[in-house]
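Please treat every number below as a calculation from the coordinates, not as lab data. Everything numeric here is computed off the predicted structure, so don't read it as measured data. Positions of Cβ are generated from backbone atoms using ideal geometry, with glycine treated the same way; all protein chains shown enter the neighbour counts.
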Amino acid sequence: MSIDFEVEDGIAVITINRPEKLNAMDADHYRGLSEAWVRVRDSLDIRVAIVTGAGERAFTTGADIKSFIASPLPYSEMWLTQRDQLLNRGLEVWKPVICAVNGLCLGGGMTLLMGTDLRVAAEHATFSLAEVKRGVIPANGGTQRVLSQLPHAIAMEMLLTGDSIDAQAALRWGLVNKVVPKGEVLAAAKDYARRIAAAAPLAVQAAKELAIRGKDMDLTTGLRMEQLINRVLQATEDAREGPAAFAEKRPPNFQGR
């Protein structure tokens, strides 16, 4: 089992490292991924995270079905709702997360992708929610997020047929931000990450939280929340550093304070 975790210059790179199984995840991998997200959430030296898969064949094909069939979870697990939370199921991570899709993005890979903020895909990547072909549904947010991230008819086609789309279709429908040649996915993701890491971290996290929470608020409440959070940010050291750096024509040195 391997969920690799590296941090450099404020950027965490999380790699699902099981290429011999197309980076499919058993219970141990899901647990390791949950621990990685907690580390991203709680580490002050991390400003942005990238999640990817090892090799060039797959990002992840989601749950390792054979392992779960061989060792089904007891029904009592259904009510352990705070246990081993994931980015796409319950865990609140306000630091931006970038998905680097280096191949197959299927099932749980798709639901993980839909829990991220920016997505870069290799030109050979494919995407599908194929669970209905296996007698189950795309859990961990698959049925709950797809209609808000794709046009209704496209989302329902993927959800109800289980058929896949290619990288160019994913780009056309806005599921990913960019499609790049094979082998350049991580570099493109790191380019996004460096630009985000250079911005004021408190402001970045506040912007993400407001945007996501705003989907469940009426506009008047959302606008009021913006006012309140902006007032808090104006009292931070970073809010003084930004204008000072601009006036002095130098890069800002944001500290997240």
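Some points to look at:
- Flag if Arg240 is assigned to a helix (DSSP H, G or I), more than 19 Å from Glu92 (Cβ to Cβ) and of a type outside the set (Asp, Glu): yes
- The set of residues in segment 185-224 that are in contact with a helix residue (DSSP H, G or I) (Cβ under 9 Å, 6 or more places away or on another chain), among the charged types (D, E, K, R) and under 20 Å from Ala235 (Cα atoms) contains only Glu209.
- For beta carbons closer than 9 Å, sequence separation of 6+ or different chains, a first residue in segment 107-118 that is on the phi < 0 side of the Ramachandran plot and a second that is of a type in the set (Asp, Glu) and outside any helix (DSSP H, G or I), there are no qualifying pairs.
- When Asp163 is tested against (1) touching a Leu at 6+ places or on another chain (Cβ under 7 Å); (2) farther than 23 Å from Asp9 by Cα, only condition (1) is not met.
- Residue within segment 236-245 that is of a type outside the set (S, T, N, Q), over 30 Å from Gln144 (Cα atoms) and touching a Phe, Trp or Tyr at 6+ places or on another chain (Cβ under 7 Å) present: yes
- Subset of segment 232-257 that is among the acidic types (Asp, Glu) and surrounded by 10 or more Cβ atoms within 10 Å (Cβ to Cβ) - its residue that is nearest to the chain's Cα centre (by Cα): Asp238
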